[in-house]
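Novice: Mind having a look at this structure? Questions to follow.
The values are calculated or read from the model by the stated rules, or taken from the named source; none is laboratory data. It should be emphasised that the depicted structure is a prediction, and the values quoted were computed from it without experimental measurement. Positions of Cβ are backbone-derived with ideal geometry, glycine not excepted, and every protein chain shown enters the neighbour counts. The area values use the complete protein model at the heavy-atom level, side chains included, leaving out ligands, DNA and RNA. Shrake-Rupley method; radii C 1.70, N 1.55, O 1.52, S 1.80 Å.
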Amino acid sequence: LLRIDSIQLDPDGVPALASGAPDIATPLPPEPPPGWVTLLNIYRPYHETSLKEEDLFPVLETAAMAKTGTTRGRIPRTLARLQAGKPVKVVCWGDSVTAGGNASTPDMAYVRQFERRLRQKFPNAPVEVVNISYGGSCSAQWLRFEPFADFAKGATAALANDVDFSRVEAARPDLLTIEFVNDAGLRKEHLERVYAEVLRRMQALSCEIILITPHFTSLPMMGIDSVRSPESRPYVRFLFDFSEAHGLAVADASARWAHLWKEGLPYLTLLDNTINHPDDRGHALFADELVRCFE
């Protein structure tokens, strides 16, 4: 099994080794006793019998030190309504992560964590957060654009009805958040066409948009060979370029995942299914960055 051990320093600066609990996917580093601090974490991969330098993760920075591209001030109408105590309806649109994939309970999925934080931040405003998502889907399937136009033909009737962007339009949101890690596999021409159409339809409804950069997934899916590799996916670059071109808000979850190794954590240990679904901590990173858009 996986494990994270730690070198911890006592109040006098004397180091000691603390062993973490083994886990099949998401091992936690051992909590230091009161007055102690963690100097570094030691990642123990499956069946590991030797110690490699790449498995040593000194705690170099805190989570608060992560620099992200999350924007402030780009949802002015939504903010004005919240500050005035008026009702606000948010639709969170996405794939299996938005659906809550591998959160320990529905309440720990990022959509519900985000909803709680938004209500705490604006206690006088009636806030409604609606989750419209489907596991395994990408944005182009919802709009049935080529080469996804015949997507529904091979699907069950329930799936064909669920994966339809008209559901988002029918909800008439004041604010739409968009999370599709599965869009990382789409070609740029498909992304440009789909996101331009979503923007057109949302502008027709006077709905503002927050684009969410995706979390990190398994090394092969990311096309990288180290958990210390920076974000390099063309899809993430597209999201920032699109947001700049149209003045849209961005919740930069990706940068938080890219920073985890500096916090002493290999990001792979936040993937509950070891592939592409975050655990509760990973879901919390989405909520963290979403709420920062409301500052």
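Novice: Go through the residues of region 238-256 one by one and say whether even a single one is under 24 Å from MET65 (Cα atoms), open to solvent by 30 Å² or more (accessible area, probe 1.4 Å), charged (D, E, K, R) and in contact (Cβ under 8 Å) with a residue 24 or more places away in the chain.
Specialist: no
Novice: Condition (residue is among the basic types (Lys, Arg), at pLDDT 95 or above and over 21 Å from ALA64 (Cβ atoms)) applied to region 180-187: is it met by at least one residue?
Specialist: no
Novice: Can you pull out the residues in region 201-228 that are polar (S, T, N, Q), in contact (Cβ under 8 Å) with a residue 12 or more places away in the chain and on the phi < 0 side of the Ramachandran plot?
Specialist: THR213, THR217, SER218, SER226
Novice: Being under 23 Å from HIS283 (Cα atoms) and open to solvent by 50 Å² or more (accessible area, probe 1.4 Å) is the filter here, so list the residues in region 110-130 that pass it.
Specialist: ARG112, ARG116, ARG117, ARG119, GLN120, LYS121, PRO123, GLU128
Novice: For region 223-250, give me the residue count where each residue is hydrophobic (A, V, I, L, M, F, W, C) and in contact with a Phe, Trp or Tyr (Cβ under 6 Å, 6 or more places away or on another chain).
Specialist: Total meeting the criteria: 2.
Novice: Further, regarding this structure: Taking the criterion of being at pLDDT below 95, under 30 Å from PRO126 (Cβ atoms), in a loop (DSSP other than H, G, I, E, B) and open to solvent by 40 Å² or more (accessible area, probe 1.4 Å), would at least one residue in region 152-161 satisfy it?
Specialist: no
Novice: Confirm whether ASP107 is open to solvent by 20 Å² or more (accessible area, probe 1.4 Å), under 22 Å from HIS215 (Cα atoms) and at pLDDT 95 or above.
Specialist: Here the answer is yes, as ASP107 does meet what is asked.
Novice: Considering only region 188-233, state which residues are surrounded by fewer than 20 Cβ atoms within 10 Å (Cβ to Cβ), part of a loop (DSSP other than H, G, I, E, B) and touching a Pro at 6+ places or on another chain (Cβ under 9 Å).
Specialist: LEU205, ILE224, ARG228
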